[in-house]
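Since every read-out is calculated from the coordinates, none of them should be taken as a lab result. Since the model is a prediction, treat every value here as computed from it, not as a measurement. Positions of Cβ are generated from backbone atoms using ideal geometry, with glycine treated the same way; all protein chains shown enter the neighbour counts.
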Amino acid sequence: MADINTQVLVIGTGPAGSATAALLASYGIDHLVVNRHRWLANTPRAHITNQRTMEVLRDLGPEVEAEAYLHASPQEMMGNNVFCTSLAGEEIGRLQTWGTHPLSKAEHLLSSPTLMNDLPQTFMEPLLFKTACSRGSQARMSTQYVSHAQDPQGVTTTLLDRLSGKTFTVRSAYLVGADGGNSKVAEHAGLPFAGIMGVAGSINILFKADLTRFVAHRPSVLYWVLQPGSNVGGIGMGLVRMVRRWNEWLVVWGYDITQPAPKVDEAFALKVVRDLVGDPTLAVELQSVSTWTVNNRYATELSKGRVFCLGDAIHRHPPSNGLGSNTSIQDAFNLAWKLAMVLKGQAGERLLDSYNAERASIAKQIVTRANQSIEEFGPIFKALGLLDSVDPVTMQQNMDARCTATPEAELQREQVRAAIAAKVYEFDAHGVEMNHRYRSAAIADDGQPEPAFDRDRELHYQATTWPGARLPHVWLHSADGRKCSTLDLAGKGRFTLFTGIGGEAWAEAAAALGAELQIELAVRVIGPRQTWQDFTGDWARAREVRDCGALLVRPDQHVAWRSTAADADALARLRRVLVQVLAR
Ligand SMILES: Cc1cc2nc3c(=O)[nH]c(=O)nc-3n(C[C@H](O)[C@H](O)[C@H](O)COP(=O)(O)OP(=O)(O)OC[C@H]3O[C@@H](n4cnc5c(N)ncnc54)[C@H](O)[C@@H]3O)c2cc1C
């Protein structure tokens, strides 16, 4: 007999665990979430918050989305990705990033009702966790996962109460491992992994200093400093990251991964900070120092029986592209509604298999992309002549050479510009963030081939209603002047059927099937004199079906299925689709 019984036990209150708890609580699922520490993130780690993540927060409620913007640095303050010799020194070049270039900004505005922003993990975690607790999550801090054993009926997990030193057991239908990059849950479940851990070593130095005079004229979240010869790797690249404008910062500096992690004392930390800023007398208030490793590893299977892992537990990679916390929250958005519908008896257990089918490829994709982004600094170093020598004097001379009036220098200047511009794959990869298209049994094929990408799929989001893709965002309007995104009409833990005038049979079929299958299935008829109207014609252009067609959208806002036109037997067809998608 276990000490505690619950439907879902979630290990970890990071972005993945807190988001899972917030969503499960919103869906009315009894669960317990635990964290071995006494509180949430104590350093700002993740910060880039992309539009897809903001859509998850928006789905949790307008107050959740609004609070994120309240604490975040806004998008327009994120954009000047600067390469320099120090903040006070020479600027080598810059890239307009994170959707702040006018062309990219237009794409961002067209593709989502939300805005990218910079929200440190020290704000994101409390927001998600508070949302979870205020909606009914049971949460225990200072509670450590020890082990689990599963059988066909459920999972029995042993936890350690770190305050009393006593262990206790929890019996749940499902166990969710959101316990980060050293996940014991994933290890004990025996999830298979590909790739390696520890490909490079990094030191984080968190500090307060007023750097306004160096940065306010070129607002950014990331300043890359190149100081040849100043570290073990020779190139001497450090990162000065804005945490709070413009007086709280995080410096990231490398260490030799072939050696044990260094003991960083105050003198060393101060020197690194002052060197990168370029001000030897800078007043610095050190806050903390920690070391971490760059990893290149992902799980090839995300679940085992009744145990599901998400977040860094299944994708371990460097912060490049800012994908870690974002992907963790999006994993939760994929998994939580499935657990909820299975636990409510609205879907068959096989629905849960689709979590693995849909998210394992994304784990691989983001780990690969983030590591590739690190390699793509190489052409900048090469163009600056930093790879031709390990002698700091020669390296500096090579960098300086680009400033002369010779054909070689002109070519070098062009190579530097091109190499910096190519970093758009790290700092403005809108397609990586938004182009997720799922394939699984929880998506019903409509017989149409997947639309090809017209442009680079990593850089540009391409909207489609092809089953598996995220529902395109379009602003709709009501006759009394209200404005609403198509995404707002979907989600919220329920299925939604979109149709238009002439699609009455779909609407009636959806209403009947909602009752028959005991599921929440909202119906949205969009057109003249309907609640929501497409005055601009944007919806007609985006939906890829006729007025009389239908789009069935899952609770995670991905299209489950579509029909181009009306169907004489709408009821039977929609029933077949729902039975398949819900594994009934
Ligand atoms: C310098 C830096 C910058 C970054 N920048 C970004 C960025 O801009 N954007 C982005 O999206 N990501 C970024 N990341 C990555 C991001 O921080 C992680 O991807 C994210 O925290 C993963 O969330 P998670 O919930 O999966 O894991 P974690 O945040 O690691 O949370 C794990 C949770 O599990 C708990 N836990 C662990 N073991 C146990 C146990 N045995 N028992 C109980 N509880 C346990 C922990 O206490 C914690 O609550 C950055 C990371 C670093 C280091």
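Observations
- Taking amide hydrogens as placed 1.01 Å from N in the peptide plane, the amide H of Q138 sits under 5 Å from those of H31, V33, each at least 5 positions away in sequence or on another chain.
- For N371, neighbours were defined as the other residues whose beta-carbon sits under 12 Å from its Cβ, and their charges (Lys and Arg +1, Asp and Glu -1) total +1.
- Sites D391 and D456 - FRET efficiency at Förster radius 35 Å, r taken between beta-carbons, to 0.05: 0.35
- Computed from label points 7 Å out along Cα-Cβ, the spacing between E349 and A572 is 3.2 nm.
- Note on the chain: helix-only mean residue ellipticity at 222 nm, from DSSP H runs of 4+ residues weighted -39500 (n - 2.57) and normalised by residue number, equals -10000 deg cm²/dmol.
- Over all other residues within a Cβ to Cβ distance under 14 Å of A139, the charged ones net out to +2, with Lys and Arg as +1 and Asp and Glu as -1.
- Computed label-point distance, nm, for sites A149 and A405 using a 7 Å Cα→Cβ extension: 8.3
- Residue among A209, V273, Y255 farthest towards the positive dipole end of segment 198-276, charges placed on Cβ: A209
- Counting only residues at least eight positions apart within a chain, or on another chain, the aspartates and glutamates with an alpha carbon under 18 Å from that of K208 are D118, E248, D265, E266, D275, D279, E285.
- Net charge of Cβ neighbours under 12 Å - reference R543; Lys, Arg +1; Asp, Glu -1: 0
- Antiparallel bridges, percent of DSSP beta bridges restricted to the chain (to nearest 5): 75
- Virtual spin-label span in nm between W39 and A106, 7 Å along Cα→Cβ: 4.6
- Backbone N within segment 141-170 under 18 Å of label point (7 Å from D3 Cα along the Cβ vector): 141-149, 155-170
- Calculation over all alpha carbon pairs of segment 1-118 in 5 angstrom steps from 0 returns a P(r) of 2, 9, 14, 16, 16, 13, 10, 8, 5, 3, 2, 1, 0, 0 percent.
- Segment 139-171 versus segment 452-523: alpha-carbon centroid distance in Å: 40
- Calculated log₁₀ intensity ratio I(q)/I(0) where the Debye formula runs over C-alpha points of the chain, q = 0.08, 0.10, 0.11, 0.12 Å⁻¹: -0.58, -0.88, -1.04, -1.20
- For segment 175-239 and segment 279-352, distance of Cα centres in Å: 16
- Linear extension gain, E63 paired with A194, 0.36 nm per residue minus alpha-carbon span: 43.2 nm
- Listed peptides 503-514, 193-204 by packing density, highest first (mean Cβ within 10 Å): 503-514, 193-204
- Pairwise centroid distance, computed over Cα atoms, of segment 549-564 with segment 102-119, Å: 24
- Over segment 437-581, the reciprocal of the mean inverse Cα-Cα separation, the Kirkwood hydrodynamic radius, stands at 15.3 Å.
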